[in-house]
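> Before I ask anything, let me first share the structure, which is written out below as structure tokens.
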Amino acid sequence: MDRLAADALFMTAALEEAQKAYEKGEVPVGAVVVIGEEIISRAHNLRESTFDPTAHAETLAMREACRMINNWRLSDATLYVTKEPCIMCSGVMINSRLGRLVYGCSDAKGGGVGSLYKLLSDSRLNHQVEITSGVLEAESIEMLKSFFTSLRQNNLNQ
């Protein structure tokens, strides 16, 4: 499978995770970690339901991936996430020596990869991560827009 096709396939799996978050009333962000051509972990945002500010999809997926391979280093892994990671999650990627990040849409208000900060490509840090952005971007944007529109309408109706 070529890289573009693989990126679309695995981002679709991340979008499925984001849908699970949406259905739970969580901000719809989903993530999967892939090694080779196999998904080794999946997660979606769980901050609201776990009362845990660190329960972002990408951090949860990376934690599980490390458990699956019995190693804290994810240098052979690719993380697919529907929205540009924040600075916290970017820090986890650096500290886990993540090989590659693929994300759907940018986050102008909180992005730590390219929008506000460029942590994963900062040569002053001890590790840089290969980045691919814009994969299934429209689908990622649409899910987030739909969620926040619904949230605003529900708040108006209460």
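The values are calculated or read from the model by the stated rules, or taken from the named source; none is laboratory data. Since we're looking at a predicted model, the values are computed, not measured. Note that we place each Cβ from the backbone using ideal geometry, even for glycine, and neighbour counts take in every protein chain shown. SASA here: full protein model, heavy atoms, side chains in, ligands and nucleic acids out. Shrake-Rupley method; radii C 1.70, N 1.55, O 1.52, S 1.80 Å.
> Any idea how far the Cα center of the stretch 1-54 sits from the one of the stretch 104-139, in Å?
Centre-to-centre distance over Cα atoms comes out at 16 Å.
> Give the peptides 86-97, 25-36, 145-156 in descending order of average Cβ contacts within 10 Å, highest first.
Result, highest mean first: 25-36, 86-97, 145-156.
> Can you send over the carbon and sulfur percentage of the accessible area for the stretch 11-158, probe radius 1.4 Å, protein chains only?
On the way: 3870 of 7650 Å².
That share works out to 51 percent.
> With runs of 4+ DSSP H residues as the only contributors, calculate the mean residue ellipticity of the chain at 222 nm using -39,500 (n - 2.57) per run, divided by the residue total and rounded to the nearest 500.
Values: 5 runs with 67 residues, N = 158.
For the chain, the value works out to -13500 deg cm²/dmol.
> Given H placed 1.01 Å from N in the peptide plane, which residues other than close sequence neighbours of Lys83 have an amide H under 5 Å from its amide H?
Gly30, Gly104, Cys105
> Express the relative contact order of the chain as a whole percentage, based on alpha carbon pairs under 8 Å and six or more residues apart in sequence.
On the way: 325 pairs, mean separation 29.7, N = 158.
Taking the mean separation of contacting Cα pairs over the length of the chain, I get 19 percent.
> Here's a follow-up. Karplus couplings for the stretch 25-39 from phi (6.51 cos²θ - 1.76 cosθ + 1.60, θ = phi - 60°), rounded to Hz, Gly and Pro as x?
Once θ is set to phi - 60°, the couplings for the stretch 25-39 become x, 8, 4, x, 10, x, 8, 9, 10, 10, 10, x, 10, 10, 6 Hz.
> Using C-alpha positions alone, give me the convex hull volume of the chain per residue in cubic angstrom.
Details: hull volume 16.2 nm³, N = 158.
Given the Cα convex hull of the chain, per-residue volume reads 103 Å³.
> Quick check: with the 1.4 Å probe, what order do Arg73, Arg124, Arg100 take by accessible area, largest first?
Sorted descending by solvent-accessible area, the residues read Arg124, Arg73, Arg100.
> Cross-chain or 8 or more residues apart, Cα under 21 Å: how many lysine pairs in the chain fit that? Count them up, please.
9
> Once all Cα-Cα distances of the stretch 4-66 are split into 5 Å bins that start at 0, what whole-number percent is in each one?
The distribution over the stretch 4-66 is 4, 22, 28, 24, 14, 6, 2, 0, given as percents.
> Per residue, how much accessible area does the stretch 1-111 have with a 1.4 Å probe, in Å²? All intermediate terms of the calculation are to be shown ahead of the outcome.
Working: 5040 Å² over 111 residues.
Value returned for the stretch 1-111: 45 Å² of accessible area per residue.
> Considering only DSSP beta bridges with both partners in the chain, what is the antiparallel share in %, to the nearest 5? Don't jump to the answer; show the numbers that get you there.
Details: 11 of 20 bridges.
That works out to approximately 55 percent antiparallel.
> Please compute, over every Cα-Cα pair in the stretch 110-158, the percentage with a separation greater than 16 angstrom.
61 percent
> Based on the alpha-carbon gyration tensor of the stretch 39-125 and its eigenvalue square roots a ≥ b ≥ c, which shape applies: rounded if a/c is under 1.5, prolate if not and a/b is larger than b/c, or oblate? Show your work: numbers first, answer last.
Values: a/c = 1.69, a/b = 1.10, b/c = 1.54.
Verdict is oblate for the stretch 39-125.
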